[in-house]
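Step one of this worksheet: look at the structure below.
The values are calculated or read from the model by the stated rules, or taken from the named source; none is laboratory data. Quick caveat, the model's predicted, so the values are computed rather than measured. Note that each Cβ is placed from the backbone with ideal geometry, even for glycine, and that neighbours are counted across all protein chains shown. Remember, those area values only see protein heavy atoms, side chains included, never the ligands or the DNA or RNA. Shrake-Rupley method; radii C 1.70, N 1.55, O 1.52, S 1.80 Å.
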Amino acid sequence: AASPFASIRLHGGSNHLLMPTGLLQRWAGDDFSRSDLFGGGVVRVTRTDSAYLNALWPANCTGELRPRITSLLRDGRHIALQFNPTARRTLGPFLREHFMHRWRPESGAPFEAFTIPAFELRRTLEEVRQSREAFAIEYERLPGVVGDEAW
């Protein structure tokens with residue numbers, strides 16, 4: 001993986017004992033008066049036709065794994081899916097566009113819903129607006145600061 005954090009959910013919780021991550025998100029929580037900062041919790045994107053957004057998320061990179069690796073993951077009761085949005089963000093638009101698999105509406109494949117911190121979605125939606133792409137997005141706010149998914 002291009003990132004040491006591939007497939008580790010970096011929002012909605014923490015695995016750091018001494019200095020937990022997400023302290024500002026927990027402080028702001030569901031308070032939308034602070035939504036321009038870190039509030040809003042976690043959202044689940046259930047559909048979008050934005051080429052810009054689909055180039056970034058959900059960043060399923062399972063196809064880059066050798067079949068033996070996915071078999072070992074399944075044998076260990078893992079879902080055998082790997083995601084890596086960090087590489088897509090850091091390597092830039094040219095590599096995202098030309099070398100990284102992404103979901104396309106015309107593919108006929110089902111859309112993979114994904115979770116993202118609300119403040120990150122707001123930041124990225126501003127980037128999409130600046131690109132002047134016409135798009136639609138469907139999402140839902142998840143309960144609390146951490147959402148409802150068990151990892």
Inset, instruction - Among the residues of segment 53-72, write down those that are under 10 Å from residue 84 (Cβ atoms), under 11 Å from the mean Cα position of the chain (by Cα) and not polar (S, T, N, Q). - result: 58, 59
Inset, instruction - May I ask you to list pairs of residues, at least six apart or on different chains, whose Cβ atoms are under 9 Å apart, with the first in segment 58-83 being under 22 Å from residue 102 (Cβ atoms) and the second being acidic (Asp, Glu) and open to solvent by 40 Å² or more (accessible area, probe 1.4 Å)? - result: 58/112; 60/112; 81/112; 82/64; 83/112
Legend entry - Residue in segment 136-151 that is modelled with the lowest pLDDT, counting only those that are open to solvent by 80 Å² or more (accessible area, probe 1.4 Å) and under 14 Å from residue 122 (Cα atoms): 141
Inset, instruction - Collect the residues in segment 107-135 that are at pLDDT 85 or above, open to solvent by 50 Å² or more (accessible area, probe 1.4 Å) and part of a helix (DSSP H, G or I), keeping them in residue-number order. - result: 107, 122, 123, 126, 129, 130, 131
Inset, instruction - Output the qualifying pairs, or none if there are none: Cβ atoms under 9 angstrom, residues six or more apart or on different chains, first residue in segment 117-129 and among the basic types (Lys, Arg), second residue outside any strand (DSSP E or B). - result: 122/35; 122/36; 122/40
